[in-house]
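Since the structure comes first, as structure tokens, the remarks are kept for the end.
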Amino acid sequence: MPIAKVDGVEVEFEAGMNVLQVAELAGKEIPRFCYHERLSIAGNCRMCLVEVKPGPPKPQASCALPAAENMEIFTDTPMVRKARHGVMEFLLINHPLDCPICDQGGECDLQDQAMGYGRDDSRYSENKRAVEEKFMGPLIKTVMTRCIQCTRCVRFITEVAGVPEIGLISRGEDVEITTYLDKAVTSELSANIIDLCPVGALTSKPYAFNARSWELKKTESIDVMDALGSAIRVDARGAAVLRVLPRVNEEINEEWISDKTRYAVDGLARQRLDRPFIREAGRLRPATWNEAFDVVAAKLQATAPDRIGVIAGDLQDAESMKAALDLFCGMGVQSTDCRQDGMALGSGPRESWLFNSTIAGIEDADVVLLVGTNPRIEASVLNARLRKRWVAGALRVGVIGEAADLTYAYDYLGAGPQSLAGLAKDKSEFVKALKAAKAPAIVIGAGALTRADGAAVLKAAAGVAKAFGMTWNVLHSAAARVGGLDLGFIPGEGGKTAAQLAASGGADVLFLLGADEIDTTASGAFRIYLGSHGDRGAHGADVILPGAAYTEKNGLYVNTEGRVQQGVRAVFPKGEAKEDWAILRALSQRLGQTLPYDTLDQLRAKLFADHPTFGRIDYVGEPGSAGLDLGALGTAGDLGEAPFASAITQFHLSNPIARASVTMAECAALASGAAKIAAE
């Protein structure tokens, strides 16, 4: 490996690295505004100036200068300090210096670097330049007079998000960053530019003027808005969650999160269930916990186990599902199901329902076939990874399903199951590329497996994967799905599926564990709802038991690649609400079926003993599905004619928390064109 000297210290570096990266290998801090390791190099802020030898006797931008063998790099000479003072002085000439009213205050790169590398005075007294504000939608607040034209936002939207809607206009002193035609940014990842902006030009519109960063309690947790389990930080003040920010996790979300993950948090405070309710004479009335438990226990004890059903929702943690299984299976109930959508998976080996390439490992694929999925709305961060691989010229994508805008080019192979079944005989260029691929992968979405012919589609997809030697990947859209399948939260012998329970006469008593994505009205059953929001599941319930949202409890979740992750409580449940497992533990005692654990640690100990995979926190196996018998997946049957559709029809309204969010409602209206939001 080549060697360079940084302030007299020799450093080995990889060929192709720039001077800034080499300096950081030596432990030197290099100030920068425009440079970002995940974006292309712009070299236009000039803050990262260093002195190098051999080379001209002048400061040079380290981000745009390739490092070379035997190069000497000087990061703190008088020349470098003077140059950085000058650059900072120029940056502040037109900056409004309105830190007291700027939401970026306290976490602003410009503030930090002005203190560390700037002058303590200014020699300019001329009037400052002013720039009109820009409209970027309901999520991004703009104060463009603060903008230093680092172009991070432009590069992110163009390169990572793949929706080139932000750019520079004009020249020289008149240059401005704006959205084209003053329209809102439409990317599902758009708000990441708020984190990227090194000044206060782009800030969070819903969070504006709510709090300062030092007022907030910061809790590291994981996201449940999709099945990726992105690493997040929950910022709360008192009992209120004020914002969610991304954490760096190279294995999953790098440092991006979707707009839904970031902005659905206002839904945590709205339409909440904060006390038990009992339906009497067609109306719900507030009740005490004892009254609610008495009604539930009496109804369950008076009902035969084969007439009781339990359906788990898409946001449930593993502990609550484990407690529900222990309780109801102990009563002899066989009708338990975590698949509200009727997914045709759950009875095979664990690898049959996992994303076996792993989220990071999908970047090693050279050909990917997407079946019945739109990753842009089902897993926006994963879609950005696919785009990154495609931009590098190392990926070819084929699609069977919706011909949606995925932000990258693909070969469209057909709309439905018939195209999938006939793929082996296809003579298209994509099939030729598939046959020649070294690391092909198939990604099958929930939309392909939740149909009436889901089992037959599963068999056809597995046959295609086996014929072409493709790694088998299932892209789930529900955060609780893999955990539920790992627990065996599926019907036992003689048990009914969620769809059968929801049908007329399917059950006499239905226990809905946060189940909001299935309509159980036709069942005619007595419905008990345990959940956090007054959503679909609670609307027709006869008894409501208020539970905790994902930010209000410690819980384990398993993402689509099979990685067990820990969600951490940031605030306490609202009102009289309790953690879900604790409610089930109290109910079990009332039923005379007392569960053998009194604390969360005891529950987890039993969970790990019964299901060892849950004890391997943050572990995911080696990429690949070589040990999976693809020939055994699915069942033979007739394939339907209907085209595949994504499991998510409205990105912003896919779960109870998002549906309670005012911000998500605004975004959904804007996305559908139902509301015309004028530029501010």
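The values are calculated or read from the model by the stated rules, or taken from the named source; none is laboratory data. In this text, all values refer to a predicted model and were calculated from it rather than measured experimentally. Note: ideal-geometry Cβ built from the backbone for every residue, glycine included; neighbour counts use all protein chains shown. Note: accessible area is taken over every heavy atom of the protein model, side chains too, but ligands, DNA and RNA are not part of it. Shrake-Rupley method; radii C 1.70, N 1.55, O 1.52, S 1.80 Å.
Checking CYS667 against (1) assigned to a loop (DSSP other than H, G, I, E, B); (2) closer than 30 Å to ILE359 by Cα, which test does it fail?
The failed condition is (1).
Would you confirm whether any residue within segment 213-230 is under 30 Å from ARG129 (Cα atoms), over 13 Å from the mean Cα position of the chain (by Cα) and either modelled with pLDDT under 95 or of a type in the set (Ser, Thr, Tyr) (or both)?
The answer is yes; a qualifying residue exists.
Select from segment 214-265 the residues that are part of a loop (DSSP other than H, G, I, E, B) and of a type in the set (Ser, Thr, Tyr) and write down the one among them that is nearest to TRP353 (Cα to Cα).
SER230
Exactly one condition in (1) touching a Pro at 6+ places or on another chain (Cβ under 7 Å); (2) open to solvent by less than 10 Å² (accessible area, probe 1.4 Å); (3) at positive phi is not met by GLY332; state its number.
In the conditions (1) touching a Pro at 6+ places or on another chain (Cβ under 7 Å); (2) open to solvent by less than 10 Å² (accessible area, probe 1.4 Å); (3) at positive phi, GLY332 misses (2) alone.
As an exercise: evaluate ILE359 against (1) surrounded by 23 or more Cβ atoms within 10 Å (Cβ to Cβ); (2) part of a helix (DSSP H, G or I); (3) within 27 Å of the chain's Cα centre (by Cα) and give the number of the one condition it does not meet.
Condition (2) is where ILE359 drops out.
With the structure loaded, tell me whether GLY534 is farther than 23 Å from ALA478 by Cα, open to solvent by 10 Å² or more (accessible area, probe 1.4 Å) and out of contact with any Asp or Glu (no Cβ under 7 Å at 6 or more places or on another chain) or whether it fails that test. Even if it seems obvious, please write down each step before you answer.
Values: farther than 23 Å from ALA478 by Cα: no; open to solvent by 10 Å² or more (accessible area, probe 1.4 Å): yes; out of contact with any Asp or Glu (no Cβ under 7 Å at 6 or more places or on another chain): yes.
So GLY534 fails the test.
So, of the residues in segment 406-431 that are charged (D, E, K, R) and modelled with pLDDT under 95, which turns out to be nearest to GLU363 (Cα to Cα)? Reasoning before the result, please.
As a first pass, look at segment 406-431 and keep what is charged (D, E, K, R): 411, 425-427, 429.
Subsequent filtering for residues that are modelled with pLDDT under 95 retains 425-427, 429.
Details: LYS425: 27, ASP426: 26, LYS427: 26, GLU429: 22 Å.
Among those that are charged (D, E, K, R) and modelled with pLDDT under 95, it is GLU429.
Select, from ALA298, ALA292, the only residue that is open to solvent by less than 10 Å² (accessible area, probe 1.4 Å) and outside any loop (DSSP other than H, G, I, E, B). Don't jump to the end; show me each part of the working.
Working: ALA298 fails: open to solvent by less than 10 Å² (accessible area, probe 1.4 Å).
Answer to the check: ALA292.
In segment 62-80, what residues are open to solvent by 10 Å² or more (accessible area, probe 1.4 Å) and hydrophobic (A, V, I, L, M, F, W, C)?
Answer for segment 62-80, where residues must be open to solvent by 10 Å² or more (accessible area, probe 1.4 Å) and hydrophobic (A, V, I, L, M, F, W, C): ALA64, LEU65, ALA67, ALA68, MET71, PHE74, MET79.
Kindly evaluate ALA549 against the criterion of being in contact with a His (Cβ under 8 Å, 6 or more places away or on another chain), open to solvent by less than 10 Å² (accessible area, probe 1.4 Å), in contact (Cβ under 8 Å) with a residue 40 or more places away in the chain and not acidic (Asp, Glu).
On the way: in contact with a His (Cβ under 8 Å, 6 or more places away or on another chain): yes; open to solvent by less than 10 Å² (accessible area, probe 1.4 Å): yes; in contact (Cβ under 8 Å) with a residue 40 or more places away in the chain: yes; not acidic (Asp, Glu): yes.
In short, yes.
Here is a yes/no grid of residues against (1) under 17 Å from VAL234 (Cα atoms); (2) in contact with a Phe, Trp or Tyr (Cβ under 9 Å, 6 or more places away or on another chain); (3) in a helix (DSSP H, G or I):
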residue	(1), (2), (3)
ILE544	no, yes, no
THR551	yes, no, yes
THR560	no, yes, no
ALA577	no, no, no
ILE583	no, yes, yes
SER588	no, no, yes
GLN602	no, no, yes
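Quick one: which strands (runs of 3 or more DSSP E) lie wholly within segment 161-213 and hold at least 3 residues that are among the charged types (D, E, K, R)?
Because the criterion is at least 3 residues that are among the charged types (D, E, K, R), no strands (runs of 3 or more DSSP E) in segment 161-213 meet it.
Looking for something touching a strand residue (DSSP E or B) at 6+ places or on another chain (Cβ under 7 Å), free of Cβ contacts under 8 Å to residues at least 40 places away in the same chain and either open to solvent by 10 Å² or more (accessible area, probe 1.4 Å) or at positive phi (or both) - is there at least one such residue anywhere in segment 569-576?
no
Condition test on ILE278, is it part of a loop (DSSP other than H, G, I, E, B) and either closer than 30 Å to VAL509 by Cα or open to solvent by less than 10 Å² (accessible area, probe 1.4 Å) (or both)? Break it down stepwise before answering.
On the way: part of a loop (DSSP other than H, G, I, E, B): no; either closer than 30 Å to VAL509 by Cα or open to solvent by less than 10 Å² (accessible area, probe 1.4 Å) (or both): yes.
When the stated conditions are applied, ILE278 does not pass them.
Kindly indicate which of LEU315, LEU268 is open to solvent by less than 20 Å² (accessible area, probe 1.4 Å) and either in contact (Cβ under 8 Å) with a residue 12 or more places away in the chain or part of a helix (DSSP H, G or I) (or both).
On the way: LEU315 fails: open to solvent by less than 20 Å² (accessible area, probe 1.4 Å).
Of the residues listed, the single one that is open to solvent by less than 20 Å² (accessible area, probe 1.4 Å) and either in contact (Cβ under 8 Å) with a residue 12 or more places away in the chain or part of a helix (DSSP H, G or I) (or both) is LEU268.
Would you confirm whether any residue within segment 389-402 is touching an Asp or Glu at 6+ places or on another chain (Cβ under 8 Å), closer than 16 Å to GLU159 by Cβ, buried (at least 21 other Cβ atoms within 10 Å of the Cβ) and in contact (Cβ under 8 Å) with a residue 12 or more places away in the chain? It would help to see each step written out before you state the result.
Applying the first criterion (touching an Asp or Glu at 6+ places or on another chain (Cβ under 8 Å)) to segment 389-402 yields 389, 391, 394-399.
Retained after the next criterion (residues that are closer than 16 Å to GLU159 by Cβ): 389, 391, 394-395.
Filter once more, so that each one left must be buried (at least 21 other Cβ atoms within 10 Å of the Cβ): 395.
If we keep only those that are in contact (Cβ under 8 Å) with a residue 12 or more places away in the chain too, we end up with 395.
For segment 389-402, residues touching an Asp or Glu at 6+ places or on another chain (Cβ under 8 Å), closer than 16 Å to GLU159 by Cβ, buried (at least 21 other Cβ atoms within 10 Å of the Cβ) and in contact (Cβ under 8 Å) with a residue 12 or more places away in the chain: present.
A quick yes/no check of all residues on (1) out of contact with any Leu (no Cβ under 9 Å at 6 or more places or on another chain); (2) charged (D, E, K, R); (3) crowded, with 18+ Cβ neighbours inside 10 Å; (4) over 22 Å from GLN650 (Cα atoms):
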| position | (1), (2), (3), (4) |
| --- | --- |
| PRO417 | no, no, yes, yes |
| ALA421 | no, no, yes, yes |
| SER428 | no, no, no, yes |
| PRO440 | no, no, yes, yes |
| VAL443 | no, no, yes, no |
| ALA448 | no, no, yes, no |
| ALA456 | no, no, yes, yes |
| TRP472 | no, no, yes, yes |
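Pull up segment 335-345, narrow it to residues that are among the charged types (D, E, K, R) and surrounded by 24 or more Cβ atoms within 10 Å (Cβ to Cβ), then point me to the one that is nearest to GLY495 (Cα to Cα). Before the answer, list the steps.
At the first step, the residues of segment 335-345 found to be among the charged types (D, E, K, R) are 337, 339, 341.
Narrowing the set further to residues that are surrounded by 24 or more Cβ atoms within 10 Å (Cβ to Cβ) leaves 337, 339.
Numbers: ASP337: 9, ARG339: 14 Å.
Within segment 335-345, the match that is nearest to GLY495 (Cα to Cα) is ASP337.
Any residue in segment 601-624 that's in contact (Cβ under 8 Å) with a residue 12 or more places away in the chain: show its pairings with residues that are assigned to a loop (DSSP other than H, G, I, E, B) and surrounded by fewer than 17 Cβ atoms within 10 Å (Cβ to Cβ) at Cβ separation under 7 Å, as long as the two are six or more apart or on different chains.
Going by the 7 Å Cβ cut-off, the qualifying pairs are LYS606/PRO596.
Which residue is farthest from GLU666 (Cα to Cα), if the candidates are limited to segment 141-187 and must be over 27 Å from the mean Cα position of the chain (by Cα) and without any contact (Cβ under 8 Å) to a residue 12 or more places away in the chain?
GLY172
Taking segment 604-626 only, how many residues are β-branched (Val, Ile, Thr) and assigned to a loop (DSSP other than H, G, I, E, B)? Break it down into steps so the answer makes sense when it comes.
Restricting attention to segment 604-626, the residues satisfying the condition of being β-branched (Val, Ile, Thr) are 613, 617, 620.
If we keep only those that are assigned to a loop (DSSP other than H, G, I, E, B) too, we end up with 620.
Qualifying residue count, segment 604-626: 1.
Looking at segment 148-167, which of its residues are open to solvent by 40 Å² or more (accessible area, probe 1.4 Å), at pLDDT below 95 and farther than 15 Å from ARG129 by Cβ? Explain how you work it out, then say what you get.
Initial filter on segment 148-167 (open to solvent by 40 Å² or more (accessible area, probe 1.4 Å)): 149, 158-159, 164-165.
Retained after the next criterion (residues that are at pLDDT below 95): 149, 164-165.
Once the filter is applied, which keeps residues that are open to solvent by 40 Å² or more (accessible area, probe 1.4 Å), at pLDDT below 95 and farther than 15 Å from ARG129 by Cβ, segment 148-167 yields PRO164, GLU165.
Counting just the residues of segment 194-226 that are of a type in the set (Asp, Glu) and farther than 15 Å from VAL568 by Cα, which one comes out surrounded by the fewest Cβ atoms within 10 Å (Cβ to Cβ)? I'd like the intermediate steps shown before the answer.
Keep residues of segment 194-226 that are of a type in the set (Asp, Glu), which gives 195, 215, 220, 223, 226.
Checking the rest, the ones that are also farther than 15 Å from VAL568 by Cα come to 195, 215, 226.
Details: ASP195: 18, GLU215: 13, ASP226: 30.
Applying the filter and picking the extreme gives GLU215.
From the set of residues in segment 506-526 that are small (Gly, Ala, Ser) and crowded, with 24+ Cβ neighbours inside 10 Å, which is farthest from ARG481 (Cα to Cα)? Steps first, answer last, please.
Of the residues in segment 506-526, the ones small (Gly, Ala, Ser) are 506-507, 514-515, 522-525.
Subsequent filtering for residues that are crowded, with 24+ Cβ neighbours inside 10 Å retains 507, 514-515, 525.
Details: ALA507: 23, GLY514: 13, ALA515: 12, ALA525: 24 Å.
Going through the qualifying residues, I end up with ALA525.
Restricting attention to segment 638-659, does a residue exist that is farther than 23 Å from LEU345 by Cβ, out of contact with any Cys (no Cβ under 9 Å at 6 or more places or on another chain) and part of a strand (DSSP E or B)?
No, segment 638-659 contains no residue that is farther than 23 Å from LEU345 by Cβ, out of contact with any Cys (no Cβ under 9 Å at 6 or more places or on another chain) and part of a strand (DSSP E or B).
Restricting to segment 9-55, what's the tally of residues that are open to solvent by less than 60 Å² (accessible area, probe 1.4 Å), more than 39 Å from the chain's Cα centre (by Cα) and not β-branched (Val, Ile, Thr)?
Matching residues across segment 9-55 total 2.
Quick one: PHE328 ticks every box in (1) closer than 22 Å to GLY492 by Cα; (2) modelled with pLDDT under 95 bar one, so which box is it?
All conditions are met except number (2).
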